[in-house]
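Peer 1: Quick one: the structure is below, questions incoming.
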Amino acid sequence: MTPALEVRDLSKNFGGLRALNDVDLRVDKGEIVALIGPNGAGKTTFFNCVTGIYQPSSGEIYLYNPDKTLLNGKKPNVITALGMARTFQNIRLFGEMTALENVMIGRHCRTSSGILGAIFRDKKTREEERATIDDSYALLEFVKLHELWNEKAKNLAYGAQRRLEIARALATEPAMLLLDEPAAGMNPQETIELKELARDIRDSRGVSILLIEHDMGLVMSLSDRIYVMEYGGCIASGTPEEIRANPAVIKAYLGESDA
């Protein structure tokens, strides 16, 4: 398989605290991979290192889009432009902007018009603005929010806000999409719709996905492979069937049997 994301021996120290300890992880092209573990295991710290919010203390992070690119030392906006996008555990939309405007912001890294274009409104700038609007509306259609294109983000239902955040991430044209607890706070129907959307993103757009998630029903039914973290390290990896039967995972996270 061809990798989309490869992380080798990733460690992160905060003073005397080691939050990540030599974590290895790989997502192949076309895969949906889950990263699970108890609260405080280091999952979001891992995401923050991979996306440039934190600089790792050691280890290497490679993105393949299509060439192998070392991400260490690169800023988040550069990593986004290289082809990696993410969502956050706490929704970070611009509440006073419309759904369409929120997605248009995501297109910024794929546009070229500068200050002079905005001032003089030349033909190239006008065409680019129209393309941005059309592409953003198409993404709203993709996540089934097009009828709410002119609604302020703060007025959308919770599940719709989650889908809007994913649409904004997709607007950057990623090859690799990181989802941080996308099902958090969703009702069962919204979770089903999220699972269908994730598969559609992978199947129709060719985007590889890495997600952090606590909903084990979603993880087991959606993921091709799963990595399990505890105390900053990876204690297991494998298919959902292998993870479900792994004694170390059962003890650390899924819960020990009473039998």
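The values are calculated or read from the model by the stated rules, or taken from the named source; none is laboratory data. Since this is a predicted model, take the numbers as computed values, not measurements. Don't worry about glycine lacking a Cβ; one is built from the backbone with ideal geometry, like all the others, and counts go over all protein chains shown.
Peer 1: Here are some residues: LYS29, LYS74. Which one is surrounded by 16 or more Cβ atoms within 10 Å (Cβ to Cβ), of a type in the set (D, E, K, R) and touching a helix residue (DSSP H, G or I) at 6+ places or on another chain (Cβ under 8 Å)?
Peer 2: Numbers: LYS29 fails: touching a helix residue (DSSP H, G or I) at 6+ places or on another chain (Cβ under 8 Å).
Going through LYS29, LYS74 in turn, the sole match is LYS74.
Peer 1: Right, another one. So, TYR158, is that one among the aromatic types (Phe, Trp, Tyr) and either under 27 Å from MET104 (Cα atoms) or assigned by TED's automatic domain parsing to the domain that holds ALA99 (or both) or not?
Peer 2: Numbers: among the aromatic types (Phe, Trp, Tyr): yes; either under 27 Å from MET104 (Cα atoms) or assigned by TED's automatic domain parsing to the domain that holds ALA99 (or both): yes.
So TYR158 passes the test.
Peer 1: From the residues in segment 127-167 that are small (Gly, Ala, Ser) and surrounded by fewer than 17 Cβ atoms within 10 Å (Cβ to Cβ), which one is modelled with the highest pLDDT?
Peer 2: First pass over segment 127-167, keeping only residues small (Gly, Ala, Ser): 131, 136, 138, 153, 157, 159-160, 167.
Narrowing the set further to residues that are surrounded by fewer than 17 Cβ atoms within 10 Å (Cβ to Cβ) leaves 131, 138, 157.
Numbers: ALA131: 91, ALA138: 97, ALA157: 93.
Checking each candidate, the answer is ALA138.
Peer 1: Identify, please: which residue in segment 238-254 is farther than 11 Å from SER223 by Cβ and in contact with a strand residue (DSSP E or B) (Cβ under 7 Å, 6 or more places away or on another chain) and is, among those, modelled with the highest pLDDT?
Peer 2: ASN246
Peer 1: So which pairs qualify, if the first residue must be in segment 109-134 and under 26 Å from ALA169 (Cβ atoms) and of a type outside the set (D, E, K, R), the second must be at pLDDT 70 or above and assigned to a loop (DSSP other than H, G, I, E, B), the Cβ gap must be under 6 Å, and the two must be at least 6 apart or on different chains?
Peer 2: Once the first residue is under 26 Å from ALA169 (Cβ atoms) and of a type outside the set (D, E, K, R) and sits in segment 109-134, its partners that are at pLDDT 70 or above and assigned to a loop (DSSP other than H, G, I, E, B) give CYS109/THR172.
Peer 1: Follow-up question, since we're still on this one. Just a yes or no: is a residue in segment 93-105 out of contact with any Phe, Trp or Tyr (no Cβ under 8 Å at 6 or more places or on another chain), of a type in the set (Asp, Glu), in a loop (DSSP other than H, G, I, E, B) and assigned by TED's automatic domain parsing to the domain that holds LYS154?
Peer 2: Yes, segment 93-105 contains at least one residue that is out of contact with any Phe, Trp or Tyr (no Cβ under 8 Å at 6 or more places or on another chain), of a type in the set (Asp, Glu), in a loop (DSSP other than H, G, I, E, B) and assigned by TED's automatic domain parsing to the domain that holds LYS154.
Peer 1: Still on this model: Residues MET229, MET220: which one is at negative phi, crowded, with 23+ Cβ neighbours inside 10 Å and in the same structural domain as LYS29 (by TED's automatic domain parsing)?
Peer 2: Within the list MET229, MET220, the selection yields MET229.
Peer 1: With the condition kept exactly as written, say whether any residue in segment 202-209 is out of contact with any Phe, Trp or Tyr (no Cβ under 9 Å at 6 or more places or on another chain) and over 18 Å from LEU25 (Cβ atoms).
Peer 2: Among the residues of segment 202-209, at least one is out of contact with any Phe, Trp or Tyr (no Cβ under 9 Å at 6 or more places or on another chain) and over 18 Å from LEU25 (Cβ atoms), which makes the answer yes.
Peer 1: Let me ask something else about it. Of the numbered conditions (1) out of contact with any Gly (no Cβ under 9 Å at 6 or more places or on another chain); (2) modelled with pLDDT of 95 or more; (3) closer than 24 Å to GLY37 by Cβ, SER204 fails exactly one; give the number of that condition.
Peer 2: It fails just one condition, (3).
Peer 1: Please verify whether segment 43-54 includes one or more residues that are of a type outside the set (Gly, Ala, Ser), modelled with pLDDT of 95 or more and more than 20 Å from ILE226 (Cα to Cα).
Peer 2: For segment 43-54, residues of a type outside the set (Gly, Ala, Ser), modelled with pLDDT of 95 or more and more than 20 Å from ILE226 (Cα to Cα): present.
Peer 1: Counting only residues that are of a type in the set (D, E, K, R) and under 24 Å from GLU241 (Cβ atoms), give me the strands (runs of 3 or more DSSP E) lying completely in segment 1-83 with at least 2 of them.
Peer 2: On the way: elements: 3-14, 17-28, 32-36, 58-64, 68-70.
Those strands (runs of 3 or more DSSP E) span 17-28.
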